[in-house]
Amino acid sequence: MISTTQEVSALVATYTNNTRFDSRHCAVLAAQLRRSAPADLTEVEATALEAMERAASHVTSVRLARLRVSPPALRVPRQELVTSWTALYSMLSALASVPGEAPQALEAARLNALLFAEGTEYTNLDAAALWDYSKVVLQRIEEESLRPALEALVPKMTLDAIDTSVANVANAIGVVGPASDLPAKRALAEARLRFSFAVATYARALSLRIVLDDATTVARFRAAIAPVDGLRVVLTRGRSDDDDLDVLEEETEEPTAPNVDEPTEPELPDDPEINPFVTA
């Protein structure tokens, strides 16, 4: 009996202690646990299962909100803004390189020096920094009345494209447009923590039906909670909790120049994604 008691206690503890889960697996695990749930669920078990499903839905909601400002969502508007500035830079550079002392060439060289003193360094900026850079340059154009001089040298649609691209990036990074509840940095970790707790609570509810002398009740518990085994996260020895991250959600945008096809693999930021128990 002692051996059986110890074994059952260890079995229950395996699932009733908070277990780490990848946020991309929470909805899957909730569906699997619903499918493997015993047909004779008690009211307590059913309530715990429903709470776990709500926690999984909350994780999905946070993930969807985060996608709005994720690197893939920012990449297109950012690249359009880079291309717009590069078009203006290239046109001014081409005019400035015309041999002779033509007034247009001298004016193009002057404007190029004013607006692009650091050349195309702006192509290395992330979306937020590029938007800030653009606002500064556009403010200078406005305050120094440079727009008429620019429009005399380059097509107006070039400057219009910059204005449009700046507005698109501003909307993408959330500084203009309809207000939205963007999740805080630790919102996803906290949502997964609640999901882990909900799974543990469901396991505790299932364990209440276990009778030590009745193998069928132990088998019932095992079958109901089995999906957890395939999706729980096991941290690698020697690695900190912060090393285990969801690459897709925590990817840091790697800005690229217009002539670069593939960006360099980004470094993962210091934001807990797999381990919900790491302290901030």
Worksheet, complete the sentence: Within the stretch 1-57, residues being under 22 Å from the mean Cα position of the chain (by Cα) and more than 14 Å from PHE197 (Cβ to Cβ) number 7
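Can you tell which of GLU53, GLU43 is among the acidic types (Asp, Glu) and either crowded, with 16+ Cβ neighbours inside 10 Å or not assigned by TED's automatic domain parsing to the domain that holds ALA205 (or both)?
Details: GLU43 fails: either crowded, with 16+ Cβ neighbours inside 10 Å or not assigned by TED's automatic domain parsing to the domain that holds ALA205 (or both).
Residue meeting the stated conditions: GLU53.
Which ones in the stretch 114-128 are part of a helix (DSSP H, G or I) and surrounded by 13 or more Cβ atoms within 10 Å (Cβ to Cβ)?
Of the residues in the stretch 114-128, the ones part of a helix (DSSP H, G or I) are 114-115, 121-124, 127-128.
Hits for the stretch 114-128 are LEU114, LEU115, TYR122, THR123, ASN124, ALA127, ALA128.
Check VAL98, VAL137 and return the single one that is of a type outside the set (Ser, Thr, Tyr), buried (at least 16 other Cβ atoms within 10 Å of the Cβ) and either outside the structural domain of ALA191 (by TED's automatic domain parsing) or not in a helix (DSSP H, G or I) (or both). If you could, list the steps in order and put the result at the bottom.
Working: VAL98 fails: buried (at least 16 other Cβ atoms within 10 Å of the Cβ).
Going through VAL98, VAL137 in turn, just one is of a type outside the set (Ser, Thr, Tyr), buried (at least 16 other Cβ atoms within 10 Å of the Cβ) and either outside the structural domain of ALA191 (by TED's automatic domain parsing) or not in a helix (DSSP H, G or I) (or both): VAL137.
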Practice prompt. From (1) in a helix (DSSP H, G or I); (2) more than 30 Å from ALA46 (Cβ to Cβ), pick out the condition that doesn't hold for ALA198.
Written response: (2)
Discussion item. Can you tell me which residue is nearest to GLU53 (Cα to Cα) among those in the stretch 209-228 that are surrounded by fewer than 13 Cβ atoms within 10 Å (Cβ to Cβ) and touching a Ser or Thr at 6+ places or on another chain (Cβ under 9 Å)?
Written reply: VAL211
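The values are calculated or read from the model by the stated rules, or taken from the named source; none is laboratory data. Predicted, not measured: the structure shown is a model, and the values here were computed from it. No Cβ is skipped: glycine too gets one built from the backbone with ideal geometry, and neighbour counts run over all protein chains shown.
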